[in-house]
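Here the structure is laid out as structure tokens; the discussion comes afterwards.
The values are calculated or read from the model by the stated rules, or taken from the named source; none is laboratory data. Note that this is a predicted model, so its numbers are computed, not measured. Neighbour counts are summed over all protein chains in view; Cβ atoms, including those assigned to glycine, are modelled from backbone coordinates with ideal geometry.
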Amino acid sequence: MRPVAGEVLHFSEDPGITRFVPHVAATAQQPEAYVWAVDHEQAPSYWFPRQCPRAMAWVGGETTAADRERIVGAGCGERVHAVEFGWLAAMRTTRLYAYRLPAGPFRPFGEPYPHAMVAVETVVPLGPPEPVGDLVDLHAAAGIQLRLLGDLWPFWDEVVASSLRFSGIRLRNARPRTAAQRAA
């Protein structure tokens with residue numbers, strides 16, 4: 001589930017949204033009110049239940065062959081997503097919807113690489129939301145590894161220290177770091 005040319009997507013578990021009004025998200029690190037969406041490259045980062053903690057990494061132009069092989073895996077594609085075992089059932093059963101929005105009002109957001117698209121005006125979807133389907137199957141169809149881990153933190157620490165591009169979403173919902181991990 002990705003946007004086509006001229007569109008961006010907003011993923012939600014709510015199938016009843018008729019318009020998107022700029023707002024300051026509860027977890028926002030900036031004071032501006034935005035409508036949030038994603039482009040083709042970032043759409044897979046939202047193929048998850050909203051509250052699911054996830055650590056994601058993908059190959060970029062600056063990625064070394066060693067980091068790619070060590071973290072993504074030799075012959076395993078360009079991207080890997082990791083979630084905790086406890087989220088597998090939700091990955092299989094959450095009903096997620098994609099809203100197609102016109103790309104015109106949106107601009108890239110995030111440095112050094114944009115991780116979202118934002119608009120400062122109210123945006124009306126181009127049509128009704130589309131059910132995304134089984135989120136595990138969606139990853140498989142896109143050739144994205146989905147790893148189930150007992151603990152996200154060792155993977156996350158390797159990813160952020162690597163040359164891969166990465167994103168961590170809702171990590172505050174992950175199991176807490178162990179005392180040994182906090183001391184490291």
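Only residues in segment 67-80 that are at pLDDT below 95 count as the first member; pair them with residues that are exposed (fewer than 13 other Cβ atoms within 10 Å of the Cβ), Cβ under 7 angstrom, at least 6 apart or cross-chain, and list the lot.
Partner pairs satisfying both residue conditions: 77/143.
Only residues that are of a type in the set (Asp, Glu) and outside any helix (DSSP H, G or I): list them for segment 150-179, please.
Selection gives 151 alone.
If a residue has to be within 20 Å of residue 39 (Cβ to Cβ) and surrounded by fewer than 19 Cβ atoms within 10 Å (Cβ to Cβ) to count, how many in segment 77-88 make the cut?
Adding up the residues that qualify gives 2.
Among the residues of segment 129-144, write down those that are outside any strand (DSSP E or B) and out of contact with any helix residue (DSSP H, G or I) (no Cβ under 7 Å at 6 or more places or on another chain). Even if it seems obvious, please write down each step before you answer.
Our first condition is that a residue be outside any strand (DSSP E or B); within segment 129-144, this holds for 129, 132-144.
Residues satisfying the conditions are 129, 133, 137, 138, 139, 140, 141, 143.
Just the residues that are within 25 Å of residue 70 (Cα to Cα) and hydroxyl-bearing (Ser, Thr, Tyr), please, taken from segment 1-59.
Selection gives 45, 46.
So that you can scan it fast, the table gives a plain yes or no per residue for (1) of a type outside the set (Asp, Glu); (2) part of a helix (DSSP H, G or I); (3) crowded, with 19+ Cβ neighbours inside 10 Å:
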{"site": "75", "(1), (2), (3)": "yes, no, no"}
{"site": "90", "(1), (2), (3)": "yes, yes, no"}
{"site": "101", "(1), (2), (3)": "yes, no, yes"}
{"site": "105", "(1), (2), (3)": "yes, no, no"}
{"site": "114", "(1), (2), (3)": "yes, no, no"}
{"site": "127", "(1), (2), (3)": "yes, no, no"}
{"site": "146", "(1), (2), (3)": "yes, no, yes"}
{"site": "181", "(1), (2), (3)": "yes, yes, no"}
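Scanning for something under 25 Å from residue 155 (Cβ atoms), within 17 Å of the chain's Cα centre (by Cα) and at pLDDT 95 or above, does segment 6-21 turn up at least one residue?
Yes, some residue in segment 6-21 is under 25 Å from residue 155 (Cβ atoms), within 17 Å of the chain's Cα centre (by Cα) and at pLDDT 95 or above.
Are any residues in segment 24-63 free of Cβ contacts under 8 Å to residues at least 12 places away in the same chain and exposed (fewer than 13 other Cβ atoms within 10 Å of the Cβ), and if so, which ones?
Hits for segment 24-63 are 24, 25, 26, 27, 28, 29, 30, 31, 61.
Consider residue 118 carefully, then state whether it is farther than 18 Å from residue 76 by Cα, surrounded by 16 or more Cβ atoms within 10 Å (Cβ to Cβ), in contact with a Leu (Cβ under 6 Å, 6 or more places away or on another chain) and not polar (S, T, N, Q).
When the stated conditions are applied, residue 118 does not pass them.
For segment 109-132, which positions are modelled with pLDDT of 95 or more and not hydrophobic (A, V, I, L, M, F, W, C)?
Within segment 109-132, 121, 122, 125, 127, 128, 129, 130, 131 qualify.
So in segment 52-63, with the set limited to residues that are in a loop (DSSP other than H, G, I, E, B) and within 11 Å of the chain's Cα centre (by Cα), which one is farthest from residue 10 (Cα to Cα)?
Going residue by residue through segment 52-63, those that are in a loop (DSSP other than H, G, I, E, B) are 52-53, 59-63.
If we keep only those that are within 11 Å of the chain's Cα centre (by Cα) as well, we get 52-53.
On the way: 52: 16, 53: 18 Å.
Result: 53.
Tell me whether segment 161-170 contains one or more residues that are small (Gly, Ala, Ser), free of Cβ contacts under 8 Å to residues at least 40 places away in the same chain and either more than 30 Å from residue 21 (Cβ to Cβ) or crowded, with 19+ Cβ neighbours inside 10 Å (or both). Spell out the reasoning first.
First pass over segment 161-170, keeping only residues small (Gly, Ala, Ser): 161-163, 167-168.
Narrowing further to those that are free of Cβ contacts under 8 Å to residues at least 40 places away in the same chain: 161.
Then drop every residue that is not either more than 30 Å from residue 21 (Cβ to Cβ) or crowded, with 19+ Cβ neighbours inside 10 Å (or both), which leaves 161.
There is at least one residue in segment 161-170 that is small (Gly, Ala, Ser), free of Cβ contacts under 8 Å to residues at least 40 places away in the same chain and either more than 30 Å from residue 21 (Cβ to Cβ) or crowded, with 19+ Cβ neighbours inside 10 Å (or both).
If I filter segment 1-21 down to residues being in a loop (DSSP other than H, G, I, E, B) and in contact with a Ser or Thr (Cβ under 7 Å, 6 or more places away or on another chain), which single residue comes out as nearest to residue 79 (Cα to Cα)?
Per the criteria, the residue is 13.
Residue by residue through segment 22-51, note down the ones that are assigned to a strand (DSSP E or B) and among the aromatic types (Phe, Trp, Tyr).
Within segment 22-51, 34, 36 meet the criteria.
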